[in-house]
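First up is the structure itself, then whatever we jot down about it.
The values are calculated or read from the model by the stated rules, or taken from the named source; none is laboratory data. For clarity, every value in this text was computed on a predicted model and none was experimentally measured. So basically every Cβ, Gly included, is an ideal-geometry build from the backbone, and we count neighbours across all protein chains shown. Quick note on the areas: whole protein, heavy atoms, side chains included, nothing else; ligands and nucleic acids left out. Shrake-Rupley method; radii C 1.70, N 1.55, O 1.52, S 1.80 Å.
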Amino acid sequence: MRQFGKIFKFEFKYYLKNKVFISVTIFLVLLIAGVMFFPRVMNVVKSDENGDNEPKKKSVMLVKAEQSEQSDMVLEAFVNSFADYDVQLTEEETDAVKDKIISGEAECAFVVTGATSYTYYVDNLSIYDSKTEVADEALKSVYQMNAIVESGITMEGAQEIMGVQIEGTTEKLGVDQMQNYWYTYIMIFALYMVILLYGQMVATNVASEKSSRAMELLITSAKPVSMMFGKVIASCLAGLIQLVAVFGSAFLFFNVNKSYWADNMIVGSIFDMPPSLLGFMLIFFVLGFFIYAFLYGAIGSTVSKLEDINTSVMPITMLFIIAFMVVMFSFASGTVDTVLMKVCSFIPFTSSMAMFTRIAMSTVPWYEIVASIVILIGSVVGVGVVSAKIYRVGVLLYGTTPKIGSVIKAVRKG
Amino acid sequence: MVLELRNIEKSFGEKRVLTGVSFKAESGKAFGLLGRNGAGKTTSIRILMNVFPADCGEVLVDGKNVDYDKLRIGYLPEERGLYPKKIIVDQLTYFAELKGMSHREAVKSVDYWLGRLGMSEYRNKRLDTLSKGNQQKIQLITALAHNPDIVILDEPFSGLDPVNAMLLKDVVKEQISKNKVVLFSSHQMNYIEEFCDSIAILNSGCVALQGELHDIKRNYVRDRLVVRTEYPEQIRKDFSGSCTDMEDGGLIIQLKSLDDKKAVMKKLVDDYDIDEVKVFEPSLNDIFVEYAGGLAKEDAK
């Protein structure tokens, strides 16, 4: 235990003194700060520009109705539907209208050719352009209004019919997937990134000790189990610190700028995460991290040269990526309670992500959660001990990377 | 303190590495563990240090099984290497702490040793900024800083210049005088001969020869004489058939029987102009080649 403490301290200090670790953390915090302060900065810039409180000049949208009796109703409908535009009625020829668009005088134009048809003129058609859909709706309501009025109902009556409001309320009994979607997404992704990154770091750390031959001394100074747990727990803590720094600063900066984010539902929902979910995130992060970091450490110990690391850790990385894919696909489809996901949420290598996703996006019975966590904890201990054994055998094997079979044999004997 | 390996056997897979290895090293004396490459020295040392267990056999200290939590062992591995990118004092204290020292003790001891080996100026430098010889000295500190009861030095002199080798010799002598068990493993026989009172020669995982170096030498049949002279021609002529040349210019005369020794010596002194005559004692090098070279001879066959 004493040795474990020393190793943990030494390894942890390595992260804290590591320039890459520090600079990446600072960079991420600054990036988050940049994003979080963006609306505030934009607001300041905007209010500077509009110092004389003149409203911003809107882009011009030209509307032309070929049947002049339609003009007033069409114009009114377009003005109501396109509040962001300076909608102007025009009676010019279509060619002149086109010229205006090309010259940039107007952004776009609608030439209404009949009661139910129009042509939309625009310079560059953006992939996000949804103006025709809005125009469809506007013209449809004009047409419907006219039809109703023609059938003998007064204008007021027609407007009442057209403008009827439906009141509906939703009462959710489980979780709100829409609300949980974004932070679950971010958490799974963070889990994925951190495990992959730090797992590789553990493997590299072990392999470099071996290739620099510091291992010759280490293995005679400390027990492999202490070495393995010391390293993995130190890197886990470093990973956690990085996560806390990034998410903590995001939370802090969000709260500083809360009012500027008020109309952004996604960002708002991310920071409105229930604390229980944060707790689950922490549990599954730590356990999922351990299980993979142990494997990475064990693999790192079988490698003699640093160059061989990437090939050797490939199976673990693939396993992890497949787990991530399965979870991500189920997550994106919104059906997280499939048989596959249920199975995955009990397999230790996938359960950290799968069970967490299910908890966040669905209602999981408590006993399933407990079972998943218990299996995961048991597996972490098991994998940890086996990894330490592989480590003890692996670190003394030099030359070509040994085959899995020979390592297993040596571990059994050892 | 007596450190003893008794009947150690070890196989890796199909390969048998050690077969009934036994030897004894006493405190206050240096013990030389010799053998060719692959003879099983490092495996013996690793078993002794509990890196992996022996298939059978015992490691004993004063006749009792070793308690590795209490026994402090210092080890200078043949494959040198520490953390190249880390500050020297940090890694030295780390290793001393791993071996059971408190942080304060470790820093104090590391500073003492840095001073003792003339390395204090590099205390806060990264290891990879040092020359190879200096890195070697830093590595030596990892073997000594925690004040071990048993010091195991594997090829301690390789890569050291004569001045540093002298410094290391002093350190080793000091360790011996502090009544520690000092275990040497080296191919440089002159150093072994200089330090070690007793040796064990391993050959293909077996102890081929062991005992007090002095006794081993005395046990050789003393039926050869070494003669040094400025005028060897006449001796060669008179003793033709029993006289051979040594590499260093001396002559070796093979006696027909041990009883002739006195007469031949007298004849040499009386009849020739000689500088020296003595009974031939093999050097450790000769002994090593004879006992450890068995495999080479078999290979040659």
Inset, instruction - Could you check, for the range B:46-55, whether at least one of its residues is more than 10 Å from chain A (Cβ to nearest Cβ), in a loop (DSSP other than H, G, I, E, B) and surrounded by 15 or more Cβ atoms within 10 Å (Cβ to Cβ)? - result: yes
Inset, instruction - Kindly indicate which of A:Phe280, A:Phe251 is among the aromatic types (Phe, Trp, Tyr), under 22 Å from A:Thr25 (Cβ atoms) and assigned to a helix (DSSP H, G or I). - result: A:Phe251
Legend entry - Odd one out for B:Tyr94 among (1) more than 10 Å from chain A (Cβ to nearest Cβ); (2) aromatic (Phe, Trp, Tyr); (3) open to solvent by less than 50 Å² (accessible area, probe 1.4 Å): (1)
Inset, instruction - Would you mind listing the helices (runs of 4 or more DSSP H) fully within the range B:155-235 where at least 1 residues are within 26 Å of B:Ile141 (Cα to Cα) and open to solvent by less than 40 Å² (accessible area, probe 1.4 Å)? - result: B:162-177, B:189-195
Inset, instruction - Report, by residue number, each residue of the range B:12-40 that is within 14 Å of chain A (Cβ to nearest Cβ) and among the charged types (D, E, K, R). - result: B:Glu14, B:Lys15, B:Arg16
Inset, instruction - Would you be able to tell me the number of residues in the range B:97-129 that are within 14 Å of chain A (Cβ to nearest Cβ), touching a helix residue (DSSP H, G or I) at 6+ places or on another chain (Cβ under 9 Å) and either free of Cβ contacts under 8 Å to residues at least 24 places away in the same chain or aromatic (Phe, Trp, Tyr) (or both)? - result: 5
Inset, instruction - May I ask you to list the residues in the range A:238-256 that are surrounded by 18 or more Cβ atoms within 10 Å (Cβ to Cβ) and touching a Phe, Trp or Tyr at 6+ places or on another chain (Cβ under 9 Å)? - result: A:Ala238, A:Gly239, A:Gln242, A:Leu243, A:Ala250, A:Phe253, A:Phe254
Legend entry - Unmet requirement for A:Ser117, which otherwise passes all of (1) closer than 30 Å to A:Val267 by Cα; (2) open to solvent by less than 100 Å² (accessible area, probe 1.4 Å): (1)
Legend entry - Which numbered condition B:Asp286 misses (of (1) assigned to a strand (DSSP E or B); (2) without any contact (Cβ under 8 Å) to a residue 60 or more places away in the chain; (3) within 29 Å of B:Phe31 (Cβ to Cβ); (4) open to solvent by 30 Å² or more (accessible area, probe 1.4 Å)): (1)
Inset, instruction - Out of the residues in the range A:12-38 that are facing chain B (nearest Cβ under 10 Å) and assigned to a helix (DSSP H, G or I), state the one that is nearest to A:Phe253 (Cα to Cα). - result: A:Lys17
Inset, instruction - At least 1 residues that are in contact (Cβ under 8 Å) with a residue 40 or more places away in the chain in each: list the helices (runs of 4 or more DSSP H) lying fully within the range A:300-392 that qualify. - result: A:309-333, A:348-361
Inset, instruction - State all residues of the range B:68-87 that are facing chain A (nearest Cβ under 8 Å) and either under 14 Å from B:His146 (Cβ atoms) or part of a strand (DSSP E or B) (or both); if no residue qualifies, say none. - result: B:Ile73, B:Tyr75
Inset, instruction - Among the candidates B:Phe239, B:Phe288, B:Phe280, single out the residue that is among the aromatic types (Phe, Trp, Tyr) and touching a helix residue (DSSP H, G or I) at 6+ places or on another chain (Cβ under 7 Å). - result: B:Phe288
Inset, instruction - Return the only residue of A:Ala203, A:Ala214 being closer than 20 Å to A:Phe12 by Cβ and either within 13 Å of chain B (Cβ to nearest Cβ) or modelled with pLDDT under 85 (or both). - result: A:Ala214
Legend entry - Unique match (being open to solvent by 30 Å² or more (accessible area, probe 1.4 Å) and not hydroxyl-bearing (Ser, Thr, Tyr)) among B:Lys86, B:Lys10: B:Lys86
Legend entry - Qualifying positions in the range B:137-154 - assigned to a helix (DSSP H, G or I), open to solvent by less than 20 Å² (accessible area, probe 1.4 Å) and either farther than 17 Å from B:Val182 by Cβ or not β-branched (Val, Ile, Thr) (or both): B:Ile138, B:Gln139, B:Leu140, B:Ala143, B:Leu144
Inset, instruction - Check the range A:95-110 and report whether any residue there is in contact with a strand residue (DSSP E or B) (Cβ under 8 Å, 6 or more places away or on another chain), open to solvent by 60 Å² or more (accessible area, probe 1.4 Å) and part of a strand (DSSP E or B). - result: no
Legend entry - Among (1) in a loop (DSSP other than H, G, I, E, B); (2) buried (at least 19 other Cβ atoms within 10 Å of the Cβ) - the single one B:Asn124 does not satisfy: (2)
